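The values are calculated or read from the model by the stated rules, or taken from the named source; none is laboratory data. Here the structure is a predicted model, which means the values were calculated and not measured. Using ideal geometry, Cβ is built from the backbone for each residue, glycine included, and neighbour counts are taken over all protein chains shown. Only protein heavy atoms, including side chains, enter the accessible area calculation; ligands, DNA and RNA are left aside. Shrake-Rupley method; radii C 1.70, N 1.55, O 1.52, S 1.80 Å.
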Amino acid sequence: MSVSLIMTNFSAGELSPRLGGRVDLAKYANGLAELENMFTHPHGGASRRTGFRFIREVLGRNRLPETSFDSASGWTLCEGWAVASSRATCDGSQTEQSVLSRDLKLVEDRIYEISFTISDYNSGGVCVSTGSGSVSEFVFADGSYAFRSKADESGLLSIIADADFSGAVEAVQVREINPATRLIPFEFSTEQAYVLEFTDHNVRIYKNGGIVVDEQGHPVEVEIPYTENDLPGLRFTQSADVMYLTHPEIQPYKLSRTSHVDWQMAPVSFTSPPEEWNSEKGFPSCVTFFEERLCFAASPANPQTVWMSKAGSYEDFGVSSPVVDDDACTYTLSADQVNAIRWMVSSKKLIMGTSGGEWWLSGGSSADTVTPNSVMVRRETTHGSAAISPVIVGGVMIFLQREGRTIRELSYSFEADGYVAPDLTILAEHLTRSNSITEWAYQQSPDSIIWMVRDDGAMIGLTYQREHEVVGFHRHSTDGKFRSVCAIPGPTQDEVWTVVEREVAGTVRKYVERMENQFGGEGSRDAFFVDSGLSYDQGVEDTVFTGLEHLEGKTVSVLADGAVRPDVLVKEGTITLAAPAKVVHAGLPYVSNMKTLRIEGGAMHGGTAQGRKKRISHVIVRLFQSLGLQVGYDGEHLERAPFRTSADKVGGAPALYTGDYEVKFNRGYDRDGQIYIRQDQPLPLSVLALIPEVSVYS
């Protein structure tokens, strides 16, 4: 006799394999064995994540100074070459190949893009190189060119003229591809938010789905004092259009925005800065605002010290005589061990995470403000914190334990009369057991998800709504590795931006990509479920679509006018479809997988179904606005659901399906009784419930 069971929601997300026997847990019924490239909604269902839209390739700063072509200073000139008036000219007097070179201290084995313009061309050819074994093709006409070359141990840029070349070379830029990168949000307000792309000594700015450019169409760039090795240690806080940044080896700086294209980075001009801040003892490594004061903490020589500015005067650390309440104040934590402060967060109290525990700082009583003579400090927990700023979700602080693999929520407990920090990863410890979290960002809308980048390049998601007891993990992968993530407010929902490292045509490159807004359309025409993808809406039907140079040589998935087309190969940045279409989405495919835990229930004579032979005769999948899924009893035996009906237009896209879809399982008994669901087409999938018909062998 068979029994119909129902899995009403998946709010517990992916659970650890170590919980395979814990059918007594309430979350077991709502958990999954696998949830890849899908996420759980707070209200219970599980949906496929949308794709990542390609924005721009990450390139490092230009290694050539702006004035480098004003004179021959710094250049090594061979026969025929001259450098002056912002250009290098070759008069054709050379009798053999002639080299113009400059030591840029390029890093060996790294790849650089060299862009340049040829003008006043007369004859011969010229090429460029950053290494003796990596020379570009010769060019023989006026125009703008770009080549990529691997640097050798010399660190030189070389411009090589053949024996016949006569002309000028100008507008030369040398930029590293695949540089170390970190994304940081800059939020002036919920309506004006930017993404800052930090690389070695350089910042570029993104907004409204693209890079910010100046009047000439060039990306706006800001020179910064931080090297690529400094980026992980940066901490920041913001007030309106000024962002304060700290690093333990560099004096505090501030990034100011005057207009959309006018940004300035400068050292903070403090009044009466603390004597402890200097190049010998180091500088503070943490920064935040608290009670109208700008607070710094944890220099290398004073790892447990907090410095607070004058009230209402963020850059003034002066103290009056006699001391008054709004003067700057300094406090050093007293503990049995010297544990450096890793982060500070402003709440009703100043919450601090150290490598040995979590503390708070406030005024002399709960109603008082902090003054030089009225400070109270307490340690609440002893878990220790990693050097990653916490995520604030409502009134709860989500922080990373010091080893970087355990996620805890810090909140006030009336029962304990203090702060508690339970472990959120206890039921999904397999996701961080072998790999630590390097960055994270909180997407408040629409589904309250924390996105985390793991050190191996995977992305972990955590759907979190404590008021509804929703804590569900999910994991995400792509053809490449996630390296950085941040979130900013968007017009309709929070935007998730990432840096993804991909190998294209044998070269590792980094791309800035933005996760498409959560799908909610009435048809599949606007469904965007490809990675590093682009969209086309050309108004008229066509078969040829260009602009995919960033995926050269890759096989991409295509959704054309809402219908799935065969995968195509990108050649010279172009794809060609077999039939014309107007609206096309093309990008890298990814697979979404959902796998249930071992079914519990259906035993006719009491006891458990675990370990007993059981058979699923069929399963009903309750769907919402979905197309194209596969369902089966294991990953090798999946049935593709046909959604096309006689009402659908021939050759057009079928309508999105909402309702129950029944799949029959043609197999015998086994002991697991698990259900697999897969989506490998660029189409949406939302599973609301699973209703299997189960027979348990007694």
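Subtracting the Cα-Cα distance from 0.36 nm times the residue separation, let me have the gained length for VAL242 to LYS281 in nm, one decimal.
11.4 nm
For the range 2-54, run through the trypsin sites (Lys or Arg not before Pro) and keep only the ones in DSSP coil with at most 15 other Cβ atoms within 10 Å of their Cβ.
ARG22
In the range 116-134, which residues have a backbone nitrogen under 11 Å from the label point lying 7 Å from LEU77's Cα in the Cα-to-Cβ direction?
none
I need the Kirkwood Rh of the range 200-240: take the reciprocal of the average 1/r across all distinct C-alpha pairs and report it in angstrom.
After inverting the mean inverse Cα-Cα distance, the result is 12.0 Å.
Need one number for the range 487-527: average projected area of the convex hull over its C-alpha atoms, nm².
4.1 nm²
Per the Cauchy relation, a quarter of the hull surface: what is the mean projected area of the convex hull of the alpha carbons in the chain, in nm²?
37.4 nm²
Need one number: nm distance between label points at SER434 and SER86, each 7 Å from Cα along Cα→Cβ, rounded to one decimal.
With each label point 7 Å from Cα toward Cβ, the separation is 5.5 nm.
What distance in nm lies between label points placed 7 Å from Cα along the C-beta direction at VAL23 and SER154?
The answer from the label model is 7.2 nm.
At each listed q (0.08 Å⁻¹), what is the log10 of I(q)/I(0) that the Debye formula gives for the range 309-445 modelled as equal alpha-carbon point scatterers?
-0.26
Is the range 452-564 rounded, prolate or oblate when judged by the Cα gyration tensor, a ≥ b ≥ c being the square roots of its eigenvalues, rounded requiring a/c under 1.5 and prolate requiring a/b larger than b/c?
In terms of gyration-tensor shape, oblate.
Mind running the shape call on the range 277-366? Use the C-alpha gyration tensor, a ≥ b ≥ c as the square roots of the eigenvalues: rounded below 1.5 for a/c, prolate if a/b tops b/c, oblate otherwise. Mind showing how you got there, number by number?
Details: a/c = 1.73, a/b = 1.22, b/c = 1.41.
Verdict is oblate for the range 277-366.
Evaluate the Debye formula for the range 1-121 with equal point scatterers sitting on the alpha carbons, no solvent, and hand back log10 of I(q)/I(0) at q = 0.13 Å⁻¹, in q order, two decimals.
For the range 1-121, the Cα-only Debye profile gives -0.72.
If I take R0 = 35 Å and measure r between the Cβ atoms of ARG667 and VAL564 in this structure, what FRET efficiency does the formula 1/(1 + (r/R0)^6) give, to the nearest 0.05?
0.80
Could you give the distance between the Cα centres of the range 543-594 and the range 431-447, to the whole Å?
First find each Cα centre; the distance between them is then 30 Å.
Suppose all protein chains stay in the model; what accessible area per residue would a 1.4 Å probe give for the range 485-621, in Å²?
39 Å²
If we sort 199-206, 471-478 on the protection proxy, mean other Cβ atoms within 10 Å, highest first, what's the order?
Details: 199-206: 20.4, 471-478: 23.8.
By packing density, highest mean first, the sequence is 471-478, 199-206.
According to a simple spin-label model (label point 7 Å from Cα along Cα-to-Cβ), what is the distance in nm between SER617 and SER445?
4.8 nm
In debye to the nearest 20, how big a dipole does the chain give about its Cα centre with +1 on each Lys and Arg Cβ and -1 on each Asp and Glu Cβ?
My answer is approximately 2860 debye.
So what is the accessible area of the range 59-204 per residue, in Å², with the probe set to 1.4 Å? Don't jump to the answer; show the numbers that get you there.
Values: 6150 Å² over 146 residues.
For the range 59-204, the per-residue accessible area is 42 Å².
What is the range 98-178's relative contact order, in percent, from Cα pairs under 8 angstrom and six or more apart in sequence? If you can, show how the numbers build up before the last one.
On the way: 217 pairs, mean separation 37.9, N = 81.
So the answer I get is 47 percent.
Give the residue list of GluC sites (Glu not before Pro) in the range 138-194 that are DSSP loop and have at most 14 other beta-carbon atoms within 10 angstrom.
Numbers: sites: GLU153, GLU170, GLU176, GLU187, GLU191; in loops: GLU153, GLU191.
Those that pass, being in a loop and sparsely packed, are GLU153, GLU191.
When you count, for each residue, the other Cβ atoms within 10 Å and take the mean per peptide, how do 113-124, 207-218 rank with the highest first?
Top to bottom by mean Cβ count within 10 Å: 113-124, 207-218.
Take the Cβ-Cβ distance between THR576 and ASP164 as r, set R0 to 30 Å, and report the resulting FRET efficiency rounded to the nearest 0.05.
0.15
Using only protein heavy atoms and a 1.4 Å probe, report how much of ASP417 is accessible, in Å² to the nearest 10.
110 Å²
Say the cut-off is 18 Å between C-alpha atoms; which of LYS105/LYS150; LYS281/LYS310; LYS614/LYS664; LYS207/LYS481 go over it?
LYS281/LYS310; LYS207/LYS481
In what sequence, largest accessible area first, do SER11, SER269 appear using a 1.4 Å probe? Before the final figure, lay out each step's value.
Numbers: SER11 15, SER269 90 Å².
Putting SER11, SER269 in descending order of accessible area: SER269, SER11.
State log₁₀ I(q)/I(0) for the range 396-526 at q = 0.22 Å⁻¹ as given by the Debye formula over alpha-carbon point scatterers of equal weight, solvent excluded.
Log10 I(q)/I(0), no solvent term: -1.37.
State whether the range 202-336 is rounded, prolate or oblate according to the following rule on the C-alpha gyration tensor (a ≥ b ≥ c being the square roots of its eigenvalues): a/c under 1.5 gives rounded; otherwise a/b larger than b/c gives prolate, and the remaining case gives oblate.
prolate
Give me the extension gain from PHE188 to SER374: residue separation times 0.36 nm, minus the current Cα-Cα distance, reported in nm with one decimal. Please list the in-between numbers first.
Working: separation 186, 0.36 × 186 = 66.96 nm, distance 3.26 nm.
Difference between extended and current length: 63.7 nm.
Dividing the Cα convex hull volume of the range 525-637 by residue count, how many Å³ per residue is that?
Measuring per residue, one finds 138 Å³ for the Cα hull of the range 525-637.
I need the peptides 440-451, 661-672 ranked by packing, meaning the mean over residues of other C-beta atoms within 10 angstrom, with the highest value on top.
With the highest mean Cβ count within 10 Å placed first, the list reads 440-451, 661-672.
Quick one: Karplus J couplings for the range 269-280, per residue in order, coefficients 6.51, -1.76, 1.60, θ = phi - 60°, nearest Hz, x for Gly and Pro?
Once rounded to whole Hz, the list reads 8, 6, 9, 6, x, x, 5, 6, 8, 7, 5, 7.
Quick one: Karplus J couplings for the range 516-525, per residue in order, coefficients 6.51, -1.76, 1.60, θ = phi - 60°, nearest Hz, x for Gly and Pro?
Per residue, the Karplus-derived 3J(HN,Hα) values read 5, 4, 4, 5, x, x, 8, x, 7, 4 Hz.
Return the carbon/sulfur percentage of the accessible area of the chain, one whole number, probe 1.4 Å, all protein chains in place. Before the final figure, lay out each step's value.
On the way: 13700 of 29340 Å².
C and S atoms contribute 47 percent here.
So for ASP531, ASP241, what's the accessible-area order with a 1.4 Å probe, most first?
Working: ASP531 0, ASP241 50 Å².
Largest to smallest exposure gives the sequence ASP241, ASP531.
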